[in-house]
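The values are calculated or read from the model by the stated rules, or taken from the named source; none is laboratory data. None of the values given here were measured: they were computed from a predicted structure. Here the Cβ positions follow ideal geometry from the backbone for every residue, glycine too, while neighbour counts run over all protein chains shown.
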Amino acid sequence: MKRLAWCTDIHLNFLDEHGIEAFCRDVTGHEPDGVVITGDISDSTRLARHLGLLEKYLARPIYFVLGNHDFYGGSIEVVRDQVRTLSALSKHLVWLPAAGVVALSRTTALVGHDGWADGRLGDWAGSDVMLNDYVHIAELAGLGKSARLERLRQLADQAAGYLRSILPAALERHPRVLVVTHVPPFEAACWHSGRTSDEHWLPHFSSHAMGNALAEAMIERPDRQMVVLCGHTHGGGTARILPNLTVHTGGAEYGAPSVQQILET
């Protein structure tokens, strides 16, 4: 595989099928060998249908993780089980948390997990932000602030633990690893409206657990390079975390999905 088209936060539930087909034509116009999507594809009630339309109109490998919006109106556990089954039966759909290390070429591997914000950065105690996540996702609905924080950290730690388990093998076999996740893993990558998120939004928009896992892996392997692709904040930017670790956060606009970058593998 030579070229990957990266998209994020495409929110296909804001489009009809004609709009989805037009978006896919734009993607295929770049002539990529595959497509990477860093979450927020749809919502839980329409996700399977929209993944099917992407497969139909893109007709090439689609490597993806899920974002918080993909669970709206449903359960994280149930949606993940559905997507795992759908991907296993699909020719082109590859849900990365179930795929392990994907060798794109002799030099580049692809890994990924949905990720989750964990409230460890910024001022969780002082933040009055109430995301729709905390109302429309079954595992988070109805929780008090302390119980919600505990659940968020469980989700984030699960994602970080998964990447810790597979990154050593990916880095051993490939000089370059692409990491795909939804939530920015570092404060410096938590872009919104041209600047990084403030202390009130940062707890809801960043995953410190994921950042620690990635940074530790690259400190251990200074001879390797890692590029992280994420979204979630709808603000675009690039952060150089270490000499061998760069994070690209994709910008997005509801109702107007687009290609963020074409990556050479």
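Here are a few things to note about the model shown:
- Picking from residues in the range 136-159 that are of a type in the set (D, E, K, R) and more than 12 Å from ASN68 (Cα to Cα), the one that is farthest from the chain's Cα centre (by Cα) is LYS145.
Residue-by-condition table, conditions (1) at pLDDT 95 or above; (2) more than 27 Å from ASP157 (Cβ to Cβ); (3) basic (Lys, Arg):
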{"residue": "MET1", "(1), (2), (3)": "no, yes, no"}
{"residue": "LEU15", "(1), (2), (3)": "yes, yes, no"}
{"residue": "PHE71", "(1), (2), (3)": "yes, no, no"}
{"residue": "GLN82", "(1), (2), (3)": "yes, no, no"}
{"residue": "HIS92", "(1), (2), (3)": "yes, yes, no"}
{"residue": "THR108", "(1), (2), (3)": "yes, yes, no"}
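- Scan of the range 178-214 for residues that are within 11 Å of ALA160 (Cβ to Cβ) and assigned to a helix (DSSP H, G or I), ordered by number: HIS208, ALA209, MET210, GLY211, ASN212, ALA213, LEU214
- The residue list SER87, SER75 contains one member that is in contact with a Phe, Trp or Tyr (Cβ under 7 Å, 6 or more places away or on another chain), of a type in the set (S, T, N, Q) and at pLDDT 95 or above, which is SER87.
Table: residues versus (1) in contact with a Pro (Cβ under 9 Å, 6 or more places away or on another chain); (2) not small (Gly, Ala, Ser).
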site: ARG60; (1), (2): yes, yes
site: TYR63; (1), (2): no, yes
site: ALA98; (1), (2): no, no
site: LEU104; (1), (2): no, yes
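- Subset of the range 240-265 [touching a residue at least 60 places away in the same chain (Cβ under 8 Å), touching a Ser or Thr at 6+ places or on another chain (Cβ under 8 Å), part of a strand (DSSP E or B) and of a type in the set (S, T, N, Q)]: THR249, GLN260
- Scanning the range 22-53 for residues that are within 21 Å of VAL111 (Cβ to Cβ) and hydrophobic (A, V, I, L, M, F, W, C) yields a total of 5.
- Candidates ARG176, ARG148, ARG84 - the one that is touching a Ser or Thr at 6+ places or on another chain (Cβ under 7 Å) and among the basic types (Lys, Arg): ARG176
- Residues of the range 130-165 satisfying the condition of being among the β-branched types (Val, Ile, Thr) and crowded, with 19+ Cβ neighbours inside 10 Å: ILE137
- Counting only residues that are charged (D, E, K, R) and either within 13 Å of GLU55 (Cα to Cα) or outside any loop (DSSP other than H, G, I, E, B) (or both), the range 11-32 holds 4 of them.
- Every condition in (1) in contact with a Ser or Thr (Cβ under 8 Å, 6 or more places away or on another chain); (2) surrounded by fewer than 23 Cβ atoms within 10 Å (Cβ to Cβ) holds for HIS30 except the one numbered (1).
- Residues within the range 104-118 that are touching a Lys or Arg at 6+ places or on another chain (Cβ under 6 Å) and farther than 23 Å from ARG173 by Cα, tallied: 1
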